[in-house]
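Down below is the structure, laid out as structure tokens.
The values are calculated or read from the model by the stated rules, or taken from the named source; none is laboratory data. This one's a predicted model, so the numbers in the text were calculated from it and none came from an experiment. Neighbour counts are summed over all protein chains in view; Cβ atoms, including those assigned to glycine, are modelled from backbone coordinates with ideal geometry. When the accessible area is computed, the model is the full protein with side chains, heavy atoms only, and any ligands, DNA or RNA have been set aside. Shrake-Rupley method; radii C 1.70, N 1.55, O 1.52, S 1.80 Å.
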Amino acid sequence: MSRPSASLRTAVVWDVLHAALQRRAGSAGRPALRVLDTGGGTGNFAVPVARLGHRVTVVDPSPNALFGLERRAAEAGVADRVTGVQGDASGLFEVVEPGGYDAVLCHGVLEYVDDPVEALRNAVAALRPGGGTLSLLAAGLGGAVLGRALAGHFTEARHALTAPDGRWGESDPVPRRFTLEQLTELVTDAGLRPAAVHGVRVFADLVPGALVDTEPDAVAALGRLEAAAAELPAFQSIASQLHVLAESGVPEAG
């Protein structure tokens, strides 16, 4: 099974997404799904999804990212199954049609858009009326608080903990963070039912890189630890990212 690059950080999401696409394809009776990747950048997920045989449309505001996507897709031999379109989540239906996709990936988008509610509703509206799968990945509040505290930045950690947007200060590069409760509420309000939730990068951002690089089998062991902790609520609350897999309706057969 081909995983996206930086597999230690994305393995949990990829494994959940891969299984969800298999289920969706089986239920729909169509081996090749139509997948929309909003904010998909250079294709970290889109290209591996295309390798599975699915047709993927990537919407991203950056021309440079879309150029990288085109090159990556060509190198992977899936250029005929990957289409890049310049646009963003707020104006999604200016560049793609609503109701046309079996699955929508919304990874690293809600943190940066002006209106997360609108962006998520657009993502949901892109799903087929008969049923679809949403993969939502966003920055987690708990991971940021823990990370700043362990780095000795206690005031910043407290600020992130109490700020409505979860930012630790003006120099924080992330405009917004979420708790798992906030994400699942957004998904539910958008009309989908959360099917699974996972904590992502629970330990990967905290472990010194030198330790992972020098210890034999450390990467594999850390990956297994991440997978074991991903579904446990106690560890989800301190994850750097939160993943929600949501479903709607029954897949169409055509």
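At-a-glance table
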{"read-out": "Phi-based couplings in Hz for the stretch 8-21 (Karplus 6.51, -1.76, 1.60; Gly and Pro marked x)", "value": "4, 7, 10, 4, 4, 5, 4, 4, 5, 5, 4, 5, 5, 5"}
{"read-out": "Average silhouette area of the stretch 73-171, convex hull of alpha-carbon atoms, in square nanometres", "value": "9.0 nm²"}
{"read-out": "Under Karplus coefficients 6.51, -1.76 and 1.60, residue-wise ³J(HN,Hα) of the stretch 62-68 in Hz, glycine/proline x", "value": "9, x, 5, 5, 5, 5, x"}
{"read-out": "Using a Förster distance of 51 Å, the FRET efficiency for Arg30-Arg158 (Cβ separation, nearest 0.05)", "value": "0.50"}
{"read-out": "Per-residue ³J(HN,Hα) for the stretch 43-60, Karplus 6.51 cos²θ - 1.76 cosθ + 1.60, θ = phi - 60°, Hz, x for Gly and Pro", "value": "x, 3, 9, 4, 5, x, 5, 5, 4, 6, x, 8, 9, 10, 10, 9, 10, 8"}
{"read-out": "Angle between the chain longest axis and helix 180-189 axis [Cα atoms, degrees, rounded to 10]", "value": "30 degrees"}
{"read-out": "The stretch 100-158, accessible surface, carbon-and-sulfur percent (1.4 angstrom probe)", "value": "55 percent"}
{"read-out": "Surrounding net charge for Ala76, when Lys and Arg each add one and Asp and Glu each subtract one, Cβ distance under 12 Å", "value": "+1"}
{"read-out": "Separation in nanometres of the label points that stand 7 Å from Cα toward Cβ, at Val95 and Ala79", "value": "2.0 nm"}
{"read-out": "Reciprocal of mean inverse Cα separation for the chain (Kirkwood radius, Å)", "value": "18.6 Å"}
{"read-out": "Förster radius 25 Å - calculated FRET efficiency between Gln86 and Ala125 (Cβ-Cβ, nearest 0.05)", "value": "0.80"}
{"read-out": "Nonlocal amide H pairs with Val104, under 5 Å, H built at 1.01 Å", "value": "Leu36, Thr133, Leu134, Ser135"}
